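The values are calculated or read from the model by the stated rules, or taken from the named source; none is laboratory data. Nothing here was measured: the structure is a model prediction, and the numbers come from that model. With ideal geometry, Cβ positions are generated from the backbone for all residues, glycine too; neighbour counts draw on all protein chains shown. The area values use the complete protein model at the heavy-atom level, side chains included, leaving out ligands, DNA and RNA. Shrake-Rupley method; radii C 1.70, N 1.55, O 1.52, S 1.80 Å.
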Amino acid sequence: MVVAEIHSEPHFKFISPSKFIRATPTMAVWGAATAAALALFGSDVPLARKDVLSKIPVFGRYFPVQQDKHQEEE
């Protein structure tokens, strides 16, 4: 007599480890595209340029910070 075996995989809601592994490259591409878009749109905002974009280790030199005249006089 053949008995059916039930195999269950650990999961949280509908996300299982195998689904997460398959979706990881797609999430990485969307994350990189989002970071590039935020850098592009944030490069015109002086506060974002000074506090965030200029402090990125490799790409920070592409976003130079212009000093204000008030800061130079002090």
- Please state which one of SER8, SER43, SER16 is exposed (fewer than 11 other Cβ atoms within 10 Å of the Cβ) and either of a type in the set (Gly, Ala, Ser) or in contact with a strand residue (DSSP E or B) (Cβ under 6 Å, 6 or more places away or on another chain) (or both). SER8
- Task: Exactly one condition in (1) at pLDDT 85 or above; (2) under 18 Å from the mean Cα position of the chain (by Cα) is not met by ILE56; state its number.
- Result: (1)
- Answer with yes or no whether THR34 is under 16 Å from the mean Cα position of the chain (by Cα), hydroxyl-bearing (Ser, Thr, Tyr) and open to solvent by less than 70 Å² (accessible area, probe 1.4 Å). no
- In this structure, does ASP51 turn out to be open to solvent by 100 Å² or more (accessible area, probe 1.4 Å) and either touching a residue at least 24 places away in the same chain (Cβ under 8 Å) or acidic (Asp, Glu) (or both)? no
